[in-house]
Ligand SMILES: Nc1ncnc2c1ncn2[C@@H]1O[C@H](COP(=O)(O)OP(=O)(O)OP(=O)(O)O)[C@@H](O)[C@H]1O
């Protein structure tokens, strides 16, 4: 793995990145790797990255240096190809990195450039849009929309907005059809989960794998304020199914309708979108190669 492309998001995670390019370049040079760089701008990044990958010799891996939005954008550019995705977690939540046990410290994550296993992960299409980690409708989608519209990033901003949004929030009604069952009812939020854990460490979909050929729709029903502490405790202790207010549907495809609505706010890997209703969801099995820490603890030496 000699030629590596690093996609750098300058604004993610409210992290100072003035030294980042030099740090990566020096790390790679010391280990006989060639580092190339692509800076995101927030405009047409996916199209520009695809153009670069189409018009230059393909790199041996592309690393997303940013948060879940950056990871998802790079994953979409690579899905279906033989070029693996690497992750340098430099976002606010870094949910995807946490689900793949990628170290959050930059120097440790950079070790993936020479010491890794490769996993083949499922990806999802939600309303025609690419998703790899978690998508949702309802409460969290509203919080993510306000977070994206604001100019402050980082976990503190997310928690502040979530607290404000909870007061006065009105749950929606959803109709879900999967290949196994139909469900209709009110939900505080509804998560379409390929993975397990939000960047906030809420475990919305415990004990499921990113390569198990299915996704879950994780429902949280409207709950009284007195039930909130117990529900939150379960969400932070991988105990989603034991609450009276939760339910999971496992499937390969689904259609979600919001009665009376022609479009719905959906959060996809940390980015908010208005999607037309009904929203169709499908899974593309093992369609993305990802570099993850090696299963063995043995320390390998880089091949120079
Ligand atoms: N140069 C830029 N200027 C402004 N916005 C940018 C720029 N580059 C990327 N973006 C925007 O950054 C967002 C993605 O941020 P990302 O998700 O990687 O970080 P985060 O939100 O801080 O972390 P996380 O998703 O892990 O919580 C996208 O909305 C993208 O359009």
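Computed from the coordinates by the stated procedures, all read-outs in this text should not be read as laboratory data. Not measured: the values here are computed from a predicted model. Backbone-built Cβ (ideal geometry, glycine too); neighbour counts: all protein chains shown.
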Nearest 10, in degrees from 0 to 90: the angle of helix 139-149 to the longest Cα principal axis of the chain is 50
Rounded to whole angstrom, the alpha-carbon centroid of the range 17-91 lies from that of the range 209-228 at a distance of 32
Percent relative contact order for the range 129-286, counting Cα pairs under 8 Å at least six residues apart, stands at 28
Within the set 266, 159, 279, GNM on the chain using Cα springs under 10 Å gives the largest fluctuation to 159
Of the convex hull enclosing the alpha-carbon atoms of the chain, the direction-averaged projected area in nm² is 15.8
Connecting every pair of Cα atoms under 10 Å apart in the chain and solving the GNM, the largest mean-square fluctuation among 157, 187, 61 falls on 157
Scoring the chain by relative contact order with C-alpha pairs under 8 Å, at least six apart, yields a percentage of 22
One computes Rg over Rh for the range 178-304 from alpha-carbon atoms, with the Kirkwood Rh, and obtains 1.04
Nearest 10, in degrees from 0 to 90: the angle of helix 20-30 to the longest Cα principal axis of the chain is 50
Ranked on Cβ counts within 10 Å of their own Cβ, fewest leading, 281, 11 go 11, 281
Tilt, helix 68-78 to longest principal axis of the chain (alpha-carbon atoms), in degrees rounded to tens, equals 70
Of 12, 287, 243, the most mobile residue in a GNM of the chain (C-alpha springs, cutoff 10 Å) is 243
Expected sort for 104-111, 126-133 on mean C-beta neighbours within 10 Å, highest first, is 126-133, 104-111
